[in-house]
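These notes are about the structure you will find just below.
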Amino acid sequence: MLHHIGPPAVHDRWNRSLEPRLEVESGDVVEFDCLDSSGGQVTPHTTLDEYMRIDRGKIHTITGPVFVKGARPGDVLEVRVRRVEHHGWGWTSIVPGLGSLPARFGNPFLFLWRLEGGESRSMPGITLQLAPFLGIMGVAPGEDGEMRTRPPGAHGGNLDVRQLVPGATLYLPVFNDGALFSAGDGHAAQGDGEVCINGIEAPMTAELQLTVRRDFRISQPLAEFPPQPPRGPDLGSWAFIESAEHPMDAARGVIGRAVDFLVARRRLSPEQAYALCSVALDLRISQCVNTPLVTVSGLLAKSLFR
């Protein structure tokens, strides 16, 4: 059976005491109408000054909760992603003090993207392939009281796993009767790392199938990913490689070099380059056996520049 849920059924704190806004049977499909991560405060016409004045307590506003009949503590909630669609626009920002390069980017920045079908050409000389997904899918935690929606945990939540696209399945441990599932924080595109603090934050419509499972148990989220299509024609990648004792130091070196590359080779502003890295640069741990050094690689698909 197909159900629908959307605003005003939203919240910006996890709390197992929240009243369910929808009740469904195990195996039913729910269409979630999700605001952007600002809770609808950002629009396609928002200025930087207006953005800096938004209520940051509403960041990561999500849709729900949904009560799934039959779900009990100790069960597993299977979330099968059937469809995720953007609404034609999105945004990426730099906020002083946040992100992976706070010392380099101390001024605020807001970039508004036009999303056209499966790609965006909003930055000069860049063709960005889109892969919409929900950054937050989770159940209510097992503890009493309110909890911000920003940190992820055993309940799922703000996982920001970009491979949770249509065809993927997320499994979540259940801590409360009915599971109390919520979702949101749609991203039209994101790199592995989301390095400047945002992907392309965008309102989304998502179709999710919610099923109670009792044939296995988990204590943390588990997922199955579909085959990952290339981001546009497979023209190879530029790879930036750094080694350091601390993985974050290596990652910062990779990100900084990728920003410099985009500024020098593609004539983007440093802020545009940093935002592009957040939605298109994939960070990977290439080795962790050559102790004490860890090697991190950052890949930018050459198809971005076709």
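The values are calculated or read from the model by the stated rules, or taken from the named source; none is laboratory data. Only a predicted model underlies this, so the values are computations on that prediction, with no experimental measurement involved. Glycine gets a Cβ as well: all are built from the backbone with ideal geometry, and neighbour counts include every protein chain shown.
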Being closer than 21 Å to GLY199 by Cβ, in the same structural domain as GLY199 (by TED's automatic domain parsing) and modelled with pLDDT of 95 or more: is that true of SER26 here? no
Do we have any residue at all in segment 282-295 that's buried (at least 24 other Cβ atoms within 10 Å of the Cβ), among the hydroxyl-bearing types (Ser, Thr, Tyr) and closer than 14 Å to ASP192 by Cα? no
Scanning for something part of a strand (DSSP E or B), of a type outside the set (Ser, Thr, Tyr), in contact with a Ser or Thr (Cβ under 6 Å, 6 or more places away or on another chain) and not assigned by TED's automatic domain parsing to the domain that holds GLY125, does segment 274-285 turn up at least one residue? yes
Candidates PRO44, PRO96, PRO65, PRO73 - the one that is out of contact with any helix residue (DSSP H, G or I) (no Cβ under 8 Å at 6 or more places or on another chain) and either assigned to a strand (DSSP E or B) or surrounded by 15 or more Cβ atoms within 10 Å (Cβ to Cβ) (or both): PRO65
Out of the residues in segment 264-301 that are modelled with pLDDT of 95 or more and of a type in the set (D, E, K, R), state the one that is nearest to ASP249 (Cα to Cα). ARG284
Where a residue in segment 132-161 is closer than 11 Å to GLY186 by Cα and touching a residue at least 12 places away in the same chain (Cβ under 8 Å) and its partner, wherever it lies, is assigned to a loop (DSSP other than H, G, I, E, B) and among the polar types (S, T, N, Q), with Cβ under 9 Å and at least six apart: PHE133/GLN163; PHE133/GLN190; GLY135/SER37; GLY135/GLN190; ILE136/SER37; ILE136/THR149; ASN158/THR149; ASP160/GLN190
Taking LEU112, is it assigned to a strand (DSSP E or B), farther than 30 Å from PHE216 by Cβ and of a type in the set (A, V, I, L, M, F, W, C)? yes
Test ARG53 against the stated conditions and say whether it is basic (Lys, Arg) and in contact (Cβ under 8 Å) with a residue 40 or more places away in the chain. no
